[in-house]
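Engineer: I have a structure I would like to understand better, so I am pasting it below and will then ask my questions one at a time.
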Amino acid sequence: MTRNGRFKGRSVGVVGDLSIDEQRYLYRKARELKAELMAGGDAVRYRIADSDYSAYLVFLENSTRTRESFRNAALFHRVRASMFDAASSSFAKNESMTDAIKMLIGYAPESCFVIRSKLEGVCGWLSDYLGPWAERSGYARPSFINAGDGKHEHPTQEFLDEFSFLEQLRWDDSRIHLALLGDLRHGRTVHSKADGLRAFRSVVVDLVAPPELAMPDAYVEKMRRNGFEVRVYASIDEYLASGEAAAIWYFTRLQLERMGESVLEKAPMLRKAVTFRKDMMEKLPDGTRFYHPLPRDRLAPTIPAFLDDTPLNAWDAQSANGYYTRAALMAMLSGVVGDDFDGEGLPAAAEDEAFVLEAPASTRTKPEYKIGIKPVDSGLVIDHIASGAPIEEIWNRIDKIRRVLGLNLRSSHGVYHTNSGAFKGIVSVPDLLSFGEKELKRLGAVAPGCTLNLIEDHRVARKYRLGMPPRIYNFDDIACRNDNCVSHPSHQEHVEASFVRKSGTGTFVCRWCEREHDYSEIWSL
Ligand code: ASP
Ligand code: CP
C-alpha cells in the first residue's frame with residue numbers, strides 16, 4: 001500500500017493544526033475503525049503495517065491513558081514503538097529536546113513522535129525546525145503529536161472527548177450544550193476545548209469554577225470569538241440553582257502539580273465548589289452524562305466513587321475511545337488514510353501585510369533636523385520614536401535602535417516635544433545614505449510608529465512610515481514571558497523567540513506557546 005494521503009507528515013501541536021473539516025474527518029475514520037474492530041474485523045486498511053516506521057513515545061511527565069493508548073495504537077499499526085521517560089533517558093543528562101529527537105529521526109526512514117512535556121509549544125517548535133531538517137537529511141518528514149504540554153493544550157485528549165460527545169449525541173453535530181467543571185485554569189484539556197468544540201455548529205458552554213480556578217481570559221475570549229455562548233458560575237451549587245444546567249458535564253481534577261503555593265493552600269476549599277454530592281442528583285436534567293479526562297484523584301475525586309455504577313458514568317467509555325481516535329490519527333498522519341477527505345483544509349498562511357509605507361515627502365517641508373547644532377544636509381533621520389511614551393521608554397527605544405541597527409557612526413539623538421506637547425525621540429545619522437529593506441523591517445520592529453526620512457541636499461527626498469510589524473523574530477533581545485514556554489531562556493532549549501501580531505488587538509502572540517504579550521513585554525529588560 002502506498003502511504004501518501006494528504007495528512008502525511010503533518011503534526012498536531014494544538015487542536016487548530018487540523019481544520020474543523022479535518023477534525024470531523026478524524027472522527028469519521030475513528031468511528032469506522034471502532035465499528036470494524038468491535039465487530040471483530042482486523043481493520044487492515046487502517047494499519048500502517050510497516051516495520052520501517054517508528055513511533056517514539058516521549059513522556060517527560062507522568063501518564064497512563066495517553067501513553068498506553070498510543071502504545072496500543074502503535075501495536076495495532078504493527079510499527080516499531082519505543083518508550084522514553086524522563087528518568088531513564090539522557091534528558092536526565094541535560095540533553096536538549098532538539099538534540100535528542102534529531103538523533104532519533106536517524107534511526108528509521110520514517111518516524112512519529114508523541115511528546116508529553118511541561119515545555120509549552122514544544123511540538124510546534126520541533127515540527128518547524130526538525131521537519132525541514134529531516135527532509136534535507138533524506139528522511140520522511142516526521143509527525144509530532146502533542147500528548148499534553150504544560151498548561152497549554154492536550155489535542156489528542158480533545159479529539160477523543162469530541163468523539164465521545166458526538167457518539168453520545170448520535171453523531172448530530174448541530175449543537176452542544178456542556179459544562180466544564182473543576183480546574184479550568186491549570187488544566188490543559190479544557191483549554192483545548194476552545195477550538196475543539198468547533199466540531200459542533202452551535203455551542204453553549206458553561207464554565208463552573210471558583211475564581212482561583214477560572215478559565216484564563218485568553219481562552220474565554222477565544223471561545224467567544226469562535227461564536228460560543230459562554231456562561232460563568234463559581235460553583236456547582238450556583239450552577240444548579242440557575243436552572244439552566246447542561247446534560248453533558250465535563251469534570252477535571254485540581255491540577256495540584258501546577259498550582260502556585262497560594263492556590264494550593266486553598267485547594268481543599270476550592271475543590272468543594274466543584275465536587276459533586278449525592279444531594280445534587282435530583283437537580284440534574286434527565287439523561288445527564290458525566291465525562292472526565294481522568295485520572296481522578298482517588299483521595300478527593302470531583303466525581304465521587306458512588307457514581308461509578310450509575311448511568312451518569314460516561315467517563316469509562318470516553319477513555320476507551322482514546323485508543324480508536326489515536327489509532328485513526330496515526331493512520332492519517334502516516335498517510336494510510338486521507339485520500340477520501342473532501343472538506344476544507346487549513347487556510348493558507350497569511351502573507352505579511354506591508355507595514356512600511358512610503359509617505360509623500362513634501363518638497364515644501366524644510367527639515368529642521370540637526371546633527372549637534374548643525375542642520376542635517378544629507379543622511380537619515382528617524383523621527384517620532386515612541387511618540388507619546390514616557391521619557392524613559394523613549395530613551396530605551398533610542399538605545400535599542402542604535403544597538404539593533406548597529407548605528408555606531410557619527411550621529412546625534414535626543415528626546416523632543418511633539419507638536420501636541422508629548423515627547424518623542426529623534427535619531428539623525430548624517431553619514432548613512434541608504435537603508436535596505438531588511439533594516440527598515442528591523443527598525444519597524446523596534447520602533448513601530450516612527451518615520452524614516454532620507455535627506456538629500458537639505459530636502460526630505462523620501463519618507464517612510466512604519467506601522468506595527470505582523471511578526472517579530474530574529475532579535476537577540478526578545479523573549480516570551482511564559483516561563484513554561486519552550487523558548488523561555490531558562491530552559492536553554494535554544495529555541496528562537498518569535499511573535500505574531502494578533503489581528504485587531506495590537507498584541508503579540510508567542511508562536512510556540514501562544515501566550516499573548518503587549519508590544520513592550522516581548523523585549524527583554
Ligand atoms: N490526564 C490529563 C492531562 O494530562 C488530565 C489530568 O491529568 O488531570 O492533562
Ligand atoms: N487523560 C490523560 O491524559 O490521562 P493520562 O495523564 O493518564 O495520560
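Engineer: At 7 Å along Cα-to-Cβ for each site, give me the label-to-label distance between Asp316 and Ser202 in nm.
Structural biologist: With each label placed 7 Å out from Cα toward Cβ, I get 3.5 nm.
Engineer: Along the charge dipole of the chain, which of Ser412, Phe341, Ile478 sits closest to the positive end, that is, farthest toward it, with unit charges on the beta carbon of Lys, Arg, Asp and Glu (+1, +1, -1, -1)?
Structural biologist: Checked the options; the winner is Ser412.
Engineer: List the residues whose amide H sits under 5 Å from the amide H of Thr252, counting only those 5 or more places along or on another chain, with H placed 1.01 Å from N in the peptide plane.
Structural biologist: Close amide H contacts, sequence-distant or interchain: Leu181, Gly182, Asp183.
Engineer: Sticking with this structure for a sec: Counting only helical runs of four or more DSSP H residues, what would the 222 nm mean residue ellipticity of the chain come to if each run contributes -39,500 (n - 2.57) and the total is spread over all its residues? Walk me through the intermediate numbers first.
Structural biologist: Working: 14 runs with 148 residues, N = 525.
When only DSSP H runs of four or more count, the value is -8500 deg cm²/dmol.
Engineer: Of all DSSP beta bridges in the chain, what percent run antiparallel (nearest 5)?
Structural biologist: Details: 37 of 76 bridges.
Approximately 50 percent, going by the DSSP bridge assignments.
Engineer: Follow-up. Report the gain in length on full extension from Glu282 to Arg462: 0.36 nm times residue separation, minus Cα-Cα distance, nm rounded to one decimal.
Structural biologist: Values: separation 180, 0.36 × 180 = 64.80 nm, distance 7.51 nm.
Computed gain between Glu282 and Arg462 is 57.3 nm.
Engineer: Just in segment 190-265: which GluC sites (Glu not before Pro) are loop by DSSP and have at most 14 other Cβ atoms within 10 Å?
Structural biologist: Answer by residue number: Glu244.
Engineer: Hey, another quick one. Amide H to amide H, which residues 5 or more places from Ala359 or on other chains are under 5 Å from it, using H placed in the peptide plane?
Structural biologist: Here the answer is Lys463, Tyr464, Arg465, since their amide H atoms fall under 5 Å of that of Ala359.
Engineer: Among 43-49, 203-209, what's the highest-first ranking by average C-beta atoms within 10 angstrom per residue? Display every interim value, and only then the final one.
Structural biologist: On the way: 43-49: 18.0, 203-209: 22.9.
The densest-packed peptide leads the list: 203-209, 43-49.
Engineer: Separate question: How big is the gap, in Å, between the Cα center of segment 467-516 and the Cα center of segment 159-236?
Structural biologist: That distance is 27 Å.
Engineer: Rounded to the nearest 20 debye, what is the charge dipole size of segment 378-468 about its Cα centre when +1 sits on each Lys and Arg Cβ and -1 on each Asp and Glu Cβ?
Structural biologist: Working: 13 positive and 9 negative charges, 40 e Å.
So the dipole magnitude of segment 378-468 works out to roughly 200 debye.
Engineer: Angle between the Cα long axis of helix 437-446 and the longest principal axis of the chain, 0 to 90 degrees, nearest 10?
Structural biologist: 70 degrees
Engineer: Simple spin-label model, 7 Å along Cα-to-Cβ: Val44 to His494 in nm?
Structural biologist: The two pseudo-label positions are separated by 4.7 nm.
Engineer: What's the center-to-center distance, using Cα atoms, between segment 299-322 and segment 83-127 in Å?
Structural biologist: 33 Å
Engineer: Could you compute the FRET efficiency for Ser96 and Asp399, with r as their C-beta to C-beta distance and R0 at 35 Å, rounded to 0.05?
Structural biologist: Computed FRET efficiency for Ser96 and Asp399: 0.65.
Engineer: Provide the per-residue ³J(HN,Hα) series for segment 210-217, in order, calculated from phi with Karplus coefficients 6.51, -1.76, 1.60 and θ = phi - 60°, each as a whole number of Hz, with x at glycine and proline positions.
Structural biologist: Karplus values, whole Hz, x for Gly and Pro: x, x, 5, 10, 5, 4, x, 3.
Engineer: Under the classification rounded if a/c is under 1.5, otherwise prolate if a/b is larger than b/c and oblate if not, where does the chain fall, given a ≥ b ≥ c as square roots of the Cα gyration tensor eigenvalues?
Structural biologist: Numbers: a/c = 2.40, a/b = 1.72, b/c = 1.39.
Prolate shape, in that a/c is at least 1.5 and a/b is the bigger ratio.
Engineer: Work out from phi, with θ = phi - 60° and the Karplus expression 6.51 cos²θ - 1.76 cosθ + 1.60, the ³J(HN,Hα) of each residue of segment 388-401, listed in order in whole Hz, and give x for Gly and Pro.
Structural biologist: Working through the residues one at a time gives x, 7, x, 3, 4, 5, 5, 5, 4, 5, 4, 4, 4, 4 Hz.
Engineer: Give the lysines reachable from Lys272 as a straight Cα distance under 21 Å; neighbours fewer than 8 places away on the same chain don't count.
Structural biologist: Counting by Cα, and skipping residues close in sequence, Lys272 has these lysines nearby: Lys283.
Engineer: Could you give the dipole magnitude of the chain about its Cα centre, charging the beta-carbon of Lys and Arg +1 and that of Asp and Glu -1, in debye to the nearest 20? Write down the numbers at each step before the final one.
Structural biologist: Details: 69 positive and 73 negative charges, 125 e Å.
The calculation lands at about 600 debye.
Engineer: Could I ask something else about it? Sorting check: for 431-438, 404-411, 322-329, which peptide has the highest mean count of neighbouring beta carbons within 10 Å, and how do the rest follow? Display every interim value, and only then the final one.
Structural biologist: Details: 431-438: 11.2, 404-411: 14.4, 322-329: 26.0.
For the peptides 431-438, 404-411, 322-329, the packing ranking is 322-329, 404-411, 431-438.
Engineer: Can you give the FRET efficiency for Asp52 and Ser434, using 1/(1 + (r/R0)^6), R0 = 56 Å, r = Cβ-Cβ distance, to the nearest 0.05? Can you show the working numbers first?
Structural biologist: On the way: r = 54 Å, r/R0 = 0.96.
Once rounded, the FRET efficiency stands at 0.55.
Engineer: Would you please put 165-175, 95-105 in order of how densely packed they are, using the mean number of other Cβ atoms within 10 angstrom per residue and starting with the highest? Working shown, then result.
Structural biologist: Values: 165-175: 14.2, 95-105: 17.4.
Top to bottom by mean Cβ count within 10 Å: 95-105, 165-175.
Engineer: OK, next. Figure the gain on full extension for Asp339 and Arg225 (residue separation times 0.36 nm, minus the Cα-Cα span) and round it to one decimal in nm.
Structural biologist: Working: separation 114, 0.36 × 114 = 41.04 nm, distance 3.16 nm.
Answer, rounded to one decimal: 37.9 nm.
Engineer: Taking 35 Å as R0, compute the FRET efficiency from the Cβ-Cβ separation of Asn72 and Ala218 and round it to 0.05.
Structural biologist: Details: r = 34 Å, r/R0 = 0.98.
Step by step, r from the Cβ atoms, then E = 0.50.
Engineer: From the residues Gly41, Phe70, Ser82, which one has its Cα farthest along the dipole of segment 1-111 in the positive direction, the dipole being from +1 and -1 charges on Cβ of Lys/Arg and Asp/Glu about the Cα centre?
Structural biologist: Gly41
Engineer: Right, something else. Using a 4.7 Å Cβ cut-off, which Cys residues in the chain lack a partner cysteine?
Structural biologist: Cys112, Cys123, Cys450 - these cysteines have no disulfide-compatible partner (Cβ-Cβ under 4.7 Å) in the chain.
Engineer: Straight distance only, please: which lysines reach the Cα of Lys102 with their own Cα at less than 26 Å, same-chain residues fewer than 8 apart left out?
Structural biologist: Qualifying lysines at Cα under 26 Å: Lys8, Lys93, Lys118, Lys151.
Bear in mind these aren't lab numbers, they're just calculated from the coordinates by the rules spelled out. It should be emphasised that the depicted structure is a prediction, and the values quoted were computed from it without experimental measurement. Cβ atoms come from the backbone with ideal geometry, glycine included; neighbour counts cover every protein chain shown.
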